[in-house]
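Below is one structure, written out as structure tokens; comments come after it.
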Amino acid sequence: MRSKLAQIPAIDTQSDAYRIAVGVDGSDRGWAALEWAREAAESPGTSVTICSARPSRGPVQPIADMASMELFDPVLARHVHAVRDRLGGHRVTVELPVGDPAGALLELADRADLLVLGGSAPAQRGLRSTVVTRVASRTHTPLVVVRPIPRHPESRLFAGHVVVGVDGTSGSRRAIRFAFEYAHRQHMPLAAVHVATAPPDDFWFDETMLETHFGTVPAPMAQLAAGIDPVAQDFRDVPVKRVVCPGRPVQALRRAAGGAHLLVLGRRSRGLGPTSRFGSVAHAFALDADCFVATVLCDR
């Protein structure tokens, strides 16, 4: 059943704006997601929709404007005012759907260019389904999962970078393009990371020129080039580092993403409808990560 919707509109919203939607639930993780979305919306031409789903069980207080929000949900009202004060009221809307949060967020995501959610609390053993994983497995919209990150991550290889995983398949092109577009909008460098299990071919280091030379172009570097070159040519202002990390994908990407501004991963949905799941690497980072993570559907 489609959620009933109360909408507090912005004034003169730009129809051609880059649209960021953010889900909040009254938790610290939800407010962290709102703060991340606000910072991402600092770039010109960006609008934000704040979504706070309310349960359908029991009486639902009518909230039709900011005055009634201040009365019935003063904490949400305070955060909405803070975002509007920073971005301008004409760039911020609020939606208060009644019903299933995941269903409401999926409806909202269809109208957005980017969806931002606070990472779910750690799941109990054997319980892997959360609002985040339910939305991530079904939405076609790029999704950023925001959770508390350590002040001193173990690795800071690419601090302040947008890190994107490149697996050498044509399906990851959509994630790569999203990463470049985001880095371009936020004026950040990008690190494209390929995880390789095979050792490199013969190479040597020239101590005079401080250069590394390979007997042949390593296969992982060729796969990186095939993945990012068609996209990079459209974003020549984005500085790029090409990175090959050995090991298993999850562990290698965790090392590369330590201290990064954002990790971007392609995900491949398995199945259709409410029981669909998504790939193991994206699933691992959606459930637990020490950085902000964006997942982008790549198999359509």
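The values are calculated or read from the model by the stated rules, or taken from the named source; none is laboratory data. Only a predicted model underlies this, so the values are computations on that prediction, with no experimental measurement involved. As a convention, Cβ positions derive from the backbone with ideal geometry for all residues, glycine included, and neighbour counts pool all protein chains shown. Accessible surface areas use protein heavy atoms only, side chains included; no ligands, DNA or RNA. Shrake-Rupley method; radii C 1.70, N 1.55, O 1.52, S 1.80 Å.
Observations
- Residue list for the stretch 22-48, restricted to those being among the acidic types (Asp, Glu) and part of a loop (DSSP other than H, G, I, E, B): ASP25, GLU42
- Tally of residues being at pLDDT below 90 and either farther than 27 Å from TYR18 by Cα or among the polar types (S, T, N, Q) (or both) across the stretch 34-48: 1
- Out of ALA284, ALA260, sole residue that is under 19 Å from ALA175 (Cβ atoms), under 15 Å from the mean Cα position of the chain (by Cα) and either open to solvent by 20 Å² or more (accessible area, probe 1.4 Å) or at pLDDT below 85 (or both): ALA284
For (1) under 19 Å from THR46 (Cβ atoms); (2) modelled with pLDDT of 90 or more; (3) not in a strand (DSSP E or B), each residue gets a yes or a no:
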| site | (1), (2), (3) |
| --- | --- |
| ALA104 | no, yes, yes |
| ARG111 | yes, yes, yes |
| ARG128 | no, no, yes |
| ARG134 | no, no, yes |
| THR141 | yes, yes, yes |
| ALA159 | no, no, yes |
| ILE176 | no, yes, yes |
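- Matching residues in the stretch 234-252 - criterion: being assigned to a strand (DSSP E or B) and either at pLDDT 90 or above or among the β-branched types (Val, Ile, Thr) (or both): VAL240, LYS241, ARG242, VAL243, VAL244
- Residue match in the stretch 203-210 (condition: of a type outside the set (A, V, I, L, M, F, W, C), buried (at least 19 other Cβ atoms within 10 Å of the Cβ) and at pLDDT 80 or above): no
- Those residues of the stretch 49-85 which are touching a helix residue (DSSP H, G or I) at 6+ places or on another chain (Cβ under 7 Å), modelled with pLDDT under 90 and not in a helix (DSSP H, G or I), in sequence order: ALA53, GLN61, PRO62, ILE63
- Filter result (open to solvent by 30 Å² or more (accessible area, probe 1.4 Å) and more than 24 Å from ARG138 (Cα to Cα)) within the stretch 90-107: HIS90, ARG91
- Qualifying positions in the stretch 54-80 - free of Cβ contacts under 8 Å to residues at least 24 places away in the same chain, more than 18 Å from TRP36 (Cβ to Cβ) and open to solvent by 30 Å² or more (accessible area, probe 1.4 Å): ARG57, GLY58, PRO59, GLN61, ALA67, GLU70, LEU71, PHE72, ASP73, PRO74
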